[in-house]
1. For the peptides 71-82, 49-60, what is the packing order when you average, over each peptide's residues, the other Cβ atoms within 10 Å and list the highest mean first?
2. Just to be sure I understand the curve: with the Debye formula and one point per C-alpha of the chain, what is log10 I(q)/I(0) at q = 0.12, 0.13, 0.14, 0.15 Å⁻¹?
3. Compute the angle between helix 57-79 and the longest alpha-carbon principal axis of the chain, please, reported from 0 to 90 degrees and rounded to the nearest 10.
4. Compute the normalised compactness of the stretch 28-111: alpha-carbon radius of gyration over 2.2 N^0.38 Å, N being the residue count.
5. Between residue 46 and residue 144, what FRET efficiency comes out of the Förster formula 1/(1 + (r/R0)^6) with R0 = 45 Å and r the beta carbon distance, rounded to 0.05?
6. Relative contact order for the stretch 58-178: what percent, with Cα pairs under 8 Å and sequence separation of 6 or more?
7. Rounded to the nearest 500, what is the chain's calculated 222 nm mean residue ellipticity when only DSSP H runs of at least 4 contribute -39500 (n - 2.57) each, over all residues?
8. Using 0.36 nm per residue, how much length does the chain from residue 70 to residue 28 gain when fully extended, once their Cα-Cα distance is taken away?
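Throughout, read-outs are computed from the coordinates displayed, never taken from laboratory work. None of these values were measured; they are calculated from a predicted model. Methodologically, a virtual Cβ is constructed for each residue, glycine included, from the backbone with ideal geometry; neighbour enumeration extends over all protein chains shown.
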């Protein structure tokens, strides 16, 4: 019996490889260097293949933006078993491994790019509103303060001013102070 055409593991794998190529370009060169042609070259596929999954550059960037945020959500969900929900959410914003630091850089590049794209800025705003809403349930009125603390500390780990462990300890202290 011949395999049926359509979505499947190979489809998702090819789509993921294309998105990974976007992440690589953004991490090393910035969002302004993303083009369908450059992504195709980096992913080792044809321009037509990229356009099959993402008809335009905007579609490609929107999908990559969503994918990088989904990776962050998955990391938080994985950490939920180890700590309180508030701690898991806030400490996971602080990158610890090299892959997490890369994801953070890509996410930050997308956030900067989103500020000039109404569709992406709306998605970004909605994501932060949802995060603040959840944190408010978990921590009370200090949610925005704790989120700002964690995001600021995340930047300080990127520059080497703090270790991830130091930054996470500060977040835990903030949660305890407001909890």
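1. Result, highest mean Cβ count within 10 Å first: 49-60, 71-82.
2. Here log10 of I(q) over I(0) equals -0.63, -0.72, -0.82, -0.91.
3. So the inclination is approximately 40 degrees.
4. It is 1.30.
5. 0.45
6. 30
7. Calculated from helices alone, the mean residue ellipticity at 222 nm is -25000 deg cm²/dmol.
8. Extra length from residue 70 to residue 28 when fully extended: 13.0 nm.
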